[in-house]
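To start, the structure itself, in structure tokens.
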Amino acid sequence: MTIETFSGLVVAITGAGSGIGRGLALEAAARGAHLALSDIDIARAEATAAMITTPGTTVTVHALDVADRSAVFSWADTVAAEHGQVNVIINNAGVALMAPVAELSITDFEWLMQINFWGVVHGTQAFLPHLKAADVGHVVNISSVFGLMAIPSQSAYNAAKFAVRGFTDALRIELDVDRETNVSATTIHPGGIKTNIARDARSNDDDPELRLESERSFDAVARTTPEKAAAQILDAVQKNRRRALIGPDAIAFDLVARLPAVVSQRILTGVARRRLGL
């Protein structure tokens with residue numbers, strides 16, 4: 001089940017048009033993989049493809065809304081047909097939403113869950129048969145440090161990322177039970193990565209100053225570049241890790257999350273109150 005090298009393997013990536021997805025595409029290509037890239041913004045995915053100059057690398061690009069189950073299954077079949085096999089699916093596409101529970105729009109909540117959770121489910125189920133048909137296969141699902149610990153104003157994001165963690169952990173155990181399988185799975189928990197996810201996030205607050213402050217706060221803790229994150233993620237796949245913490249802040253999150261809830265939640269309450277000036 002262990003992927004010793006990416007050379008010659010076919011790696012499919014959702015949300016490949018920017019951020020971690022783009023970093024993963026470039027890193028996988030540098031390690032010798034062929035790529036099937038998708039993004040809801042086809043122009044972004046094509047821009048990523050244009051950055052890949054590794055000799056001999058085959059790259060295909062498709063527009064994809066991961067919330068559309070039939071579209072994801074169709075893409076998986078297309079990738080297998082175009083490349084002859086699929087070895088790795090990285091379910092990376094994701095969005096952000098900031099709102100306290102009392103003000104959370106159910107429409108926005110469902111929008112986020114369709115992408116951040118159901119998109120992962122769709123990608124996993126669509127590609128599993130193709131991974132099993134290959135010599136070796138791996139499912140990589142992107143959760144978050146917010147899948148380790150709950151954060152105020154992030155209830156929807158927390159819900160999706162905790163769900164991704166539980167879903168992928170269960171999948172990994174199922175694959176471990178099957179002694180004949182050639183497929184494994186890894187849950188990824190990135191910390192603050194220098195991407196545009198905070199700027200592209202939906203929010204219930206239209207105050208531009210508060211939004212700018214949120215973006216500045218994110219930038220202050222986003223210490224890891226997409227390139228470094230991608231390298232750590234692919235290293236985790238090659239080591240067949242069950243979970244991988246990406247970035248030093250992810251390690252800190254994991255440590256705090258291991259504290260008794262009464263302690264960790266009091267810490268977070270104090271931080272939130274200070275930020276709000278209460």
Checklist outcome for this item: Here the net charge surrounding residue 6, from other residues whose Cβ is less than 14 Å away from its Cβ (Lys, Arg +1; Asp, Glu -1), is -2
Checklist outcome for this item: Extension length gain for residue 257 and residue 169 (0.36 nm per residue less Cα distance), in nm, is 29.9 nm
Item to check | Cleavage-rule hits (trypsin sites (Lys or Arg not before Pro)) in region 129-183: DSSP loop, at most 13 neighbouring Cβ within 10 angstrom | outcome: 179
Item to check | Within the chain, longest stretch clear of exposed GluC sites (Glu not before Pro) (DSSP loop, no more than 12 other Cβ within 10 Å) | outcome: 5-179
Checklist entry - Assuming R0 = 30 Å, what is the FRET efficiency of residue 81 and residue 107, from their Cβ-Cβ distance, to the nearest 0.05? => result 0.25
Next on the checklist: Can you tell me, using C-alpha contacts under 8 Å and at least 6 residues apart, the relative contact order of region 10-276 as a whole percent?
Outcome noted: 18
Next on the checklist: Counting only pairs 8 or more residues apart or on different chains, how many lysine pairs in the chain have their Cα atoms under 24 Å apart?
Outcome noted: 6
Checklist entry - When the chain is fully extended, how far beyond the present Cα-Cα distance does residue 5 get from residue 30, taking 0.36 nm per residue of separation? => result 7.9 nm
Checklist entry - Quick one: if you stick a label point 7 Å off each Cα along the C-beta vector at residue 240 and residue 274, how many nm between them? => result 4.4
Checklist entry - What is the order of 51, 149, 113, fewest Cβ neighbours within 10 Å to most? => result 51, 113, 149
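Every read-out reported here was derived from the displayed coordinates using simple, explicitly stated rules and does not represent laboratory data. Quantities reported herein were computed from a predicted structural model and do not represent experimental measurements. All Cβ positions, even for glycine, are placed from backbone atoms using ideal geometry, and neighbour counts span all protein chains on display.
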